[in-house]
1. For segment 3-50, enumerate the residues that are at pLDDT below 80 and farther than 16 Å from Ile65 by Cα.
2. Please enumerate the residues belonging to segment 109-146 that are within 17 Å of Pro45 (Cα to Cα), assigned to a helix (DSSP H, G or I) and either among the hydrophobic types (A, V, I, L, M, F, W, C) or touching a residue at least 60 places away in the same chain (Cβ under 8 Å) (or both).
3. Select from segment 51-62 the residues that are surrounded by 12 or more Cβ atoms within 10 Å (Cβ to Cβ) and out of contact with any Phe, Trp or Tyr (no Cβ under 9 Å at 6 or more places or on another chain) and write down the one among them that is modelled with the highest pLDDT.
4. Suppose the filter is farther than 22 Å from Ile11 by Cβ and small (Gly, Ala, Ser); does Ala144 pass it?
5. Could you list, in sequence order, all residues of segment 94-146 that are within 19 Å of Leu78 (Cβ to Cβ), crowded, with 21+ Cβ neighbours inside 10 Å and polar (S, T, N, Q)?
Amino acid sequence: MTKNKDKIIKIVFIIYILGVVFFTFVVRETLVPRTFGHRGAELRPFREYYALFRYQNHFFWFKQIMLNILLFVPLGVLLPVKDERFKKLWKTALAGLLFSCLIEITQYITGRGFTETDDVINNTLGAVVGYLIFTFIKNRIRQAPK
């Protein structure tokens, strides 16, 4: 990769990470009113999926799930583009899992946000989806006539 492309990818990656942090700790906290400093955690896995099919407000739960997935899709695309070490799915998925855990732990410690196992699951799934998109695009470029 050329030096200019490396620099652009690095800038995009930094903007993405800052965007996730800003969205998680500022925007979402502004949109979802909670008492500052109130720590909460929901550790039951797949609770949001259960609620999606069990309760009346289907769109709310669908939105919760999809936004957490979509938030990490760029990570799954950017990591293998930015760094050769993430050319394997499991490494990108692990990075998504660890970044999501970092966010959730920080939310719990600071009392900003609500810590949920489902967020970690959905964020990791988003990183995997992003990686699959990266792989699909990479394979299409390779197959393109020269």
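1. Result: Val27, Glu29, Thr30, Leu31, Pro33, Arg34, Thr35, Phe36, Gly37, His38, Arg39.
2. Those that are within 17 Å of Pro45 (Cα to Cα), assigned to a helix (DSSP H, G or I) and either among the hydrophobic types (A, V, I, L, M, F, W, C) or touching a residue at least 60 places away in the same chain (Cβ under 8 Å) (or both): Thr117, Asp118, Val120, Ile121, Asn122, Leu125.
3. Among those that are surrounded by 12 or more Cβ atoms within 10 Å (Cβ to Cβ) and out of contact with any Phe, Trp or Tyr (no Cβ under 9 Å at 6 or more places or on another chain), it is Phe62.
4. Against the criterion (farther than 22 Å from Ile11 by Cβ and small (Gly, Ala, Ser)), Ala144 qualifies.
5. Ser100, Asn122, Asn123, Thr124
The values are calculated or read from the model by the stated rules, or taken from the named source; none is laboratory data. From a predicted model like this one, the values you see are computed outputs, not experimental measurements. A quick note on method: Cβ atoms are made from the backbone with ideal geometry, for glycine too, and the neighbour counts reach across all protein chains shown.
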